[in-house]
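**Student:** Handing you this structure, nothing more for now.
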Amino acid sequence: MEKIKVFAAVSISAILAYFEPIQNVLVSVSWLFVLNFLFGLLAGLVANKERFSFRKAFVCISEASVFLLILAVVFYIGDHIGVRAGALQAVSTITYALIYFYSVNIFKNLRQLFPGSKTIAFIHYLISVEILQKLPHLNNFLRKEYRENPD
């Protein structure tokens, strides 16, 4: 049993050392997911008077896990085909997309929690609308995606 513990510790240490170049990204994105989960939970419980849903929590945690896995796999593949700088750039691009979409969702939940806050309402408006006017392809994607999968 002791050998299994040592093997597991060495294996985990090796994996963590390999992904050290994107460690800050993975930690930052994890905090973003935690904030999204907490504000979504609070908005559901307090503002919408919903009961805790294990299904919704599982979906949120699963989605976060998939995104973290995608970041790790993009780095791994880029590193193994010899373009580490490109892999880091791809990880950075994906991270900014995650920050944008999760920030919009966090501020949507904050608007539900604090409906009288003009500051939160303005920030939500700014990041959910104004940026889209500057990114027409994203705006087209969101319109198409909403028509196909309305929540």
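**Student:** Anything in region 88-101 that is without any contact (Cβ under 8 Å) to a residue 12 or more places away in the chain and either farther than 15 Å from residue 37 by Cβ or in contact with a helix residue (DSSP H, G or I) (Cβ under 7 Å, 6 or more places away or on another chain) (or both)? List them, or say none.
**Tutor:** 89, 93, 96, 97
**Student:** Within the set of pairs 6+ apart or on separate chains, which have a first residue in region 41-69 that is within 17 Å of residue 28 (Cα to Cα), a second that is among the β-branched types (Val, Ile, Thr), and C-beta atoms under 7 Å apart?
**Tutor:** Listed pairs, sorted by first residue: 67/29; 68/29.
**Student:** Just to be sure before I move on: is residue 64 more than 11 Å from the chain's Cα centre (by Cα), hydrophobic (A, V, I, L, M, F, W, C) and either within 21 Å of residue 128 (Cβ to Cβ) or modelled with pLDDT under 95 (or both) in the structure I sent?
**Tutor:** no
**Student:** Tell me, which helices (runs of 4 or more DSSP H) lie completely within region 1-101 with 2 or more residues that are polar (S, T, N, Q), buried (at least 17 other Cβ atoms within 10 Å of the Cβ) and at positive phi?
**Tutor:** In region 1-101, there are no helices (runs of 4 or more DSSP H) which contain 2 or more residues that are polar (S, T, N, Q), buried (at least 17 other Cβ atoms within 10 Å of the Cβ) and at positive phi.
**Student:** A follow-up question, please. Looking only at region 102-119, which residues are without any contact (Cβ under 8 Å) to a residue 24 or more places away in the chain, farther than 25 Å from residue 141 by Cα and in a helix (DSSP H, G or I)?
**Tutor:** Hits for region 102-119 are 118, 119.
The values are calculated or read from the model by the stated rules, or taken from the named source; none is laboratory data. This is a predicted model, so every value here is computed, not measured. All Cβ positions, even for glycine, are placed from backbone atoms using ideal geometry, and neighbour counts span all protein chains on display.
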